[in-house]
Amino acid sequence: MIKTPLVSVLVGFFNAEQFIEETIASVFSQTLDDWELILVDDGSSDGSSAIAQRYAREHPDRVHYCTHEGQLNRGVCASRNLAIGRAQGRFIAILDADDVWLPEKLAEQVDVLEEHPHVGMTFGAARYWRQWNASGAPTGNDYTPSPGIEIDTVHEPPSLLRRCHPLGRAVAPCPSDLLLRREALLAVNGFEEEFSGIYQMYEDQAFLAKIYIAVPVFASAKTWTLYRLHDGSCCYRVESSGQERIVRLYYLNWLDQYLKNRQFQDKEIKRALNRATALVRYRWLYTLTNVPSKIKQIVKNIIKPQ
């Protein structure tokens with residue numbers, strides 16, 4: 001009889017030859033060893049496919065390789081959903097193919113969810129990793145952003161939707177730092193596959209919005225994940241091309257429709273969404289965010305929902 005793993009680790013990858021072996025090694029270095037690793041090849045044309053297949057051959061009991069029909073490139077959301085369909089674990093962990101986990105990550109996060117049985121997801125304070133490679137990383141030091149929310153506590157739905165980026169000022173969780181209960185992930189129907197191409201930059205925000213509404217979330221002060229910053233990432237490419245405003249507006253419009261479809265009513269979130277949308281749609285409002293308080297109040301009244 002095949003033993004069901006406690007944690008399913010999902011890694012979708014596309015042309016990740018430079019980083020994927022280090023990513024996989026960080027899974028093998030976990031102090032909790034009750035896991036399976038599902039590697040989804042999103043139509044890669046470099047050596048990352050061979051690396052993933054080698055691990056699957058060498059560790060057939062816990063590493064599984066799969067790809068989309070026709071070996072198509074369908075995007076990170078479709079890859080994660082494919083992996084979800086094959087996952088067997090009670091808990092689901094997301095890991096991008098260029099990020100790295102610290103050894104205690106899975107053990108300590110599983111402890112959090114075991115200690116809080118009503119919580120559907122947990123995350124920590126990911127370290128933004130600039131110094132991974134002296135010749136290839138962006139200049140500057142590693143840093144861990146201030147979370148902007150209460151830490152080591154449970155946040156009931158839907159508070160994090162209003163408080164975290166992009167509706168609020170708090171830092172959004174790093175996707176590679178998430179651990180979820182399987183039933184919580186299935187309850188929100190996984191990831192939104194329409195966020196592909198340049199819009200993939202906001203796929204994590206779309207998924208998180210659904211989670212924030214659906215389940216309580218535990219925010220930890222601990223650092224478990226090294227979030228690699230490099231010029232090949234989707235965020236870097238979109239921001240450097242000047243397309244971030246377009247992508248953010250796409251996400252905000254999606255969120256507005258998602259909430260309407262579910263007849264979700266929350267005045268504070270509606271107000272935050274209207275404000276965020278106006279700030280993106282009308283460039284001149286960006287300037288007004290730094291003017292004296294009385295003028296700020298005028299701006300707030302202009303974009304206040306009726």
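Read-outs: derived from the displayed coordinates by stated rules, not from any lab. From a predicted model like this one, the values you see are computed outputs, not experimental measurements. Don't worry about glycine lacking a Cβ; one is built from the backbone with ideal geometry, like all the others, and counts go over all protein chains shown.
In which sequence would VAL280, VAL11 go, from the one with the fewest C-beta neighbours within 10 Å to the one with the most?
Lowest to highest Cβ neighbour count: VAL280, VAL11.
By a straight-distance test (C-alpha under 17 Å), which aspartates and glutamates pair with LYS3 as possible cross-link partners, with residues fewer than eight away in the same chain excluded?
LYS3 reaches ASP33, ASP34, GLU36, ASP61.
Evaluate the distance, in nm, between pseudo-label points positioned 7 Å from the Cα of TYR258 and of HIS118 along their respective Cα→Cβ axes.
2.4
Give the separation of the Cα centroids, segment 87-105 to segment 158-207, in Å.
16
Can you give the charge dipole size of segment 2-109 about its Cα centre, rounded to the nearest 20 debye, using +1 on the beta carbon of Lys and Arg and -1 on the beta carbon of Asp and Glu?
Value, rounded to 20: 440 debye.
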